[in-house]
Amino acid sequence: MALTAAAGTNSWHWRSWAGLAALLVLAFLLGFVVMGRNTADPREGLWAAICRGIGLTPGYRDAAAPVAVVPSLIAWTPATLAAIASGDAGRGEFVALNCTVCHGARGISTTADVPTLAGMDAAALYKQLADFRSGKRDWGVMNGIALALSAQGLADVAAYYAAQPLGLPYLTGRTIPFSGRSLRSSDPAVRLVFAGDPSRGIAPCGSCHGPSGYKLGAPALAFQKSAYLARETAAFAQGSRGNDINEQMRMIAVALTDAESEALAEFYARGASSGN
Amino acid sequence: MQRISRVVLAHFWVAFGLFLPAVVLGAWQMLMRSPMSAPLDDSNAYYISVSLHGTVMAYVLTTFFIMGFGYAVATTSLARPMRGLKWAWLGFGICLAGTLIAAGVTLAGRATVFYTFYPPLLANRWYYIGVFMLVGGSMIWVVLMIVNMLSWKRDNPGKPVPLAMFAITATAYLWAWSASGVAAELLGVVGPAAFGATTQMDVGLARTLFSVTLHSIVYFWLMPAYIAFYTLLPVAAGGRLYSDRMARLTFIMFLVFSLPVGMHHLFADPEHGNGFKFLQAFFTFFVVLPTLMTVFAICASLEIAGRARGGRGLFGWIRTVPWAEPMVLATGLSLLMLGLGGLGGIVNMSYAMNSMIHNTAWVTAHFHLIFGGAVVIMYFAIAYELWPQLTGRPLRSKRLARWQLWTWFWGMLILTVPWHVAGLLGQPRRVAVFDYTMPVVARWATLVDISVAGGAVLLVSAVLLAITLLRSHRGAPYSVLAPLSYALPVHPPGRVAPVLNGFALWNGMVLLLMLAAYGYPVGQFLFVLKPHSAPAYNVTRPALQGASP
């Protein structure tokens, strides 16, 4: 009895493994040989077809990287973030003496078309300064000033302004529900900020610039100067500003009507509120 | 059963207690997506709600229910006290703490990453800690199931392990294999970013690891339904199980074939070659085999019961099957939904057809029909079957239970059939609000409105479930209660082949298949491809400075 049971077990084992092996061979043949030969260039050999099946295109190792036209030299790599984090607000205060004339004492602008810097996220400040420095964002005075700064100087002044009070509100990461602020809202600014406009490919402004969400490198806009906001939206729309990494701002701005950009600028200048 | 009843009831009440609010969220989400106006009309709230609904339904309801069911099965099928009761309570505590943490963080709007995480989205670290505790705590259950089966085998050499215990142990092994993917993703990719060790995430690697879990977890959820089909249904129908060997092979095939298939969720991912995508799609078709075997065995078992109750002729036995029994009724409704949902699933897993429905509402509709419908309706039936055993009181009442099952069935069909169609018309998934003034979107309006009605019916059904289960805790207890009995096969096995009485061979096969199907696709990220990670996208707060005013 024990003998038969053992023999039965062996036959189960043998058959199961053989069946599985046959299945695997069949699956590999179908997936890598039959399908590879039928979907790739028929002039390619069997080996090339198998490589394609694995995910390796012929010559992938030697292919030269295409020349990229980049809108900004800043990418959010660990090195960039470390550079920003190394900013020293104390040293930055000294650098910032160059900025006061236009951006106001402690970064609180009193001029309609000059942005307030106090409280702006350091990553956003750093990116814009770096873009001015590399010429990726064009604004004569700022290009000259940024070129005069060292890389560490950018981080220092960014750290200084990020820490200044009474300007833009600090990011709290608050994402509590905003009831009624969706596509169904009657206020066009509220609709665009909280729901965007899917039919025109406009993402909600608020999902990156607040108050419903914040993304790395996108400045919070609440309490920013309205004339500055309107001007920059127009610059994106006309293509004279193009340092948005994925062209998202250019695509959105060009789809907005004049009335809408104005309403949005007012909405944010009031502190992301429709004011009624 | 006395001491185990408390642990089982604790698990079931966490599962069903969170299920009810999660159904409310689901009904509200469908209202949000519809042309009608919804209260708390805000897309951020929608994503919080989706994340919470998904986390509760996919992780909490299932894991707690299956753990509780496992403890009940281990005690009743082996007919002896379960080993490691204290460990069961410990696992319960860890899972519950994890659940509360994850749910709290999600409610606070700091984990709107859905329940599948979607790297490079990055939630608050406590969300991942909560989910990790929930999954990790359930591993205690896995070990307890395996230990109880092995110790019974040692004490009963040569005897076949009772089918229900064999099947729940297969479920435990399946869950351990399945959870390895999400555990590797959490520890290897998401965790380091969540804890600030890196700002980058290798999205391709994370998605590939999650795909290991992503499909096999579905079979983990499905297994209790199949266990009920094979071991509880024939008793409720007053018949016998068609074949014990077929049942064992079914559970073994689920264990072996449900794992190397997850890449059919990655058909559109660019990191993987055609060959491996095809390979896993091909293996996915083999999961159809145990499903078809089950449909055959269940119909055969029902026919045996119907004929034993006097049914005659080719189809006459169908009328004499006791459809008034909740377990029998639920099985019938479940098989109908399994049939429809299964056909839809074949579209999803077919390499070519998938592109037609990829990322559309069809996919969401599909998993609601097959999981929320076919599987969860069996959870209800199992609860109705076990409740008298657990509370020592009769179910109040079977009539209410039948109403609940019927409303769940019709609610699910009204919800998901138009939802499928909307998906075919191109409605994308994971979208909070639709602009119904657009002509192309306007075509979906009526379909979504019908789905809202389906959601409302499901909400009614969930309330009926809570009422039925709560009422059954009260009332006069039984003076004598017959123990839970499992189905006898037509030909009870005196002994079974050792390979059908254990899992060594089958786990070996899973290992081989996983190496063949995932070895290169995972390994390429470490050894072949150039590093191509992306910056993590913190859904809560990306600011570097200015933390506190």
Do you know which residues across the range A:71-86 are open to solvent by 60 Å² or more (accessible area, probe 1.4 Å) and in a loop (DSSP other than H, G, I, E, B)?
A:LEU73
Of (1) part of a loop (DSSP other than H, G, I, E, B); (2) away from chain B (no Cβ under 11 Å); (3) among the aliphatic types (A, V, I, L, M); (4) farther than 13 Å from A:GLY167 by Cβ, A:VAL95 satisfies all except one. Which?
(1)
Give all pairs with beta carbons closer than 9 Å in which a residue from the range B:425-443 that is more than 10 Å from chain A (Cβ to nearest Cβ) and within 20 Å of B:HIS358 (Cβ to Cβ) meets a residue that is among the hydroxyl-bearing types (Ser, Thr, Tyr) and assigned to a loop (DSSP other than H, G, I, E, B); count only pairs at least 6 apart in sequence or on separate chains.
B:ARG430/B:TYR118
Considering only residues that are open to solvent by 10 Å² or more (accessible area, probe 1.4 Å) and either out of contact with any helix residue (DSSP H, G or I) (no Cβ under 9 Å at 6 or more places or on another chain) or part of a loop (DSSP other than H, G, I, E, B) (or both), which ones fall in the range B:245-270?
B:PHE267, B:ALA268, B:ASP269, B:PRO270
Identify all residues within the range B:390-406 that are assigned to a helix (DSSP H, G or I) and either more than 16 Å from B:MET378 (Cβ to Cβ) or aromatic (Phe, Trp, Tyr) (or both); write none if there are none.
B:LEU390, B:THR391, B:LYS398, B:ARG399, B:LEU400, B:TRP403, B:TRP406
Taking the condition small (Gly, Ala, Ser) and at positive phi, does B:GLY373 pass?
no
Would you point out the residue of the range B:511-528, among those that are more than 10 Å from chain A (Cβ to nearest Cβ) and buried (at least 17 other Cβ atoms within 10 Å of the Cβ), that is farthest from B:ASN148 (Cα to Cα)?
B:PHE525
Does B:ASN156 satisfy the criteria of being within 17 Å of B:THR76 (Cβ to Cβ) and without any contact (Cβ under 8 Å) to a residue 12 or more places away in the chain?
yes
Of the conditions (1) at pLDDT 90 or above; (2) surrounded by 11 or more Cβ atoms within 10 Å (Cβ to Cβ), A:ALA18 satisfies every one except a single condition; which number is it?
(2)
A:ILE245: passes all of (1) outside any helix (DSSP H, G or I); (2) in contact with a helix residue (DSSP H, G or I) (Cβ under 7 Å, 6 or more places away or on another chain); (3) among the aliphatic types (A, V, I, L, M) but (2)
Out of all the residues in the range A:251-263, which are out of contact with any Ser or Thr (no Cβ under 7 Å at 6 or more places or on another chain) and part of a helix (DSSP H, G or I)?
A:MET251, A:ILE252, A:VAL254, A:ALA255, A:ASP258, A:ALA259, A:GLU260, A:GLU262, A:ALA263
Could you tell me whether any residue of the range B:289-302 is open to solvent by 10 Å² or more (accessible area, probe 1.4 Å), within 14 Å of chain A (Cβ to nearest Cβ) and within 25 Å of the chain's Cα centre (by Cα)?
yes
Helices (runs of 4 or more DSSP H) wholly inside the range A:104-210 containing at least 2 residues that are more than 10 Å from chain B (Cβ to nearest Cβ) and out of contact with any Lys or Arg (no Cβ under 7 Å at 6 or more places or on another chain)
A:122-134, A:140-148, A:151-162, A:188-194
Of the residues that sit in the range B:453-488 and are free of Cβ contacts under 8 Å to residues at least 40 places away in the same chain and outside any helix (DSSP H, G or I), which one is nearest to the chain's Cα centre (by Cα)?
B:ALA482
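Conditions tested, residue by residue: (1) surrounded by fewer than 18 Cβ atoms within 10 Å (Cβ to Cβ); (2) of a type outside the set (Ser, Thr, Tyr).
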site	(1), (2)
B:GLN427	no, yes
B:ALA432	no, yes
B:VAL440	yes, yes
B:TRP444	no, yes
B:SER451	no, no
B:ALA456	yes, yes
B:LEU459	no, yes
B:LEU469	no, yes
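The values are calculated or read from the model by the stated rules, or taken from the named source; none is laboratory data. Since this is a predicted model, take the numbers as computed values, not measurements. Cβ: placed from backbone, ideal geometry, glycine included. Neighbour counts: every protein chain shown. What goes into the accessible areas is simple: the full protein's heavy atoms, side chains included, and nothing from ligands, DNA or RNA. Shrake-Rupley method; radii C 1.70, N 1.55, O 1.52, S 1.80 Å.
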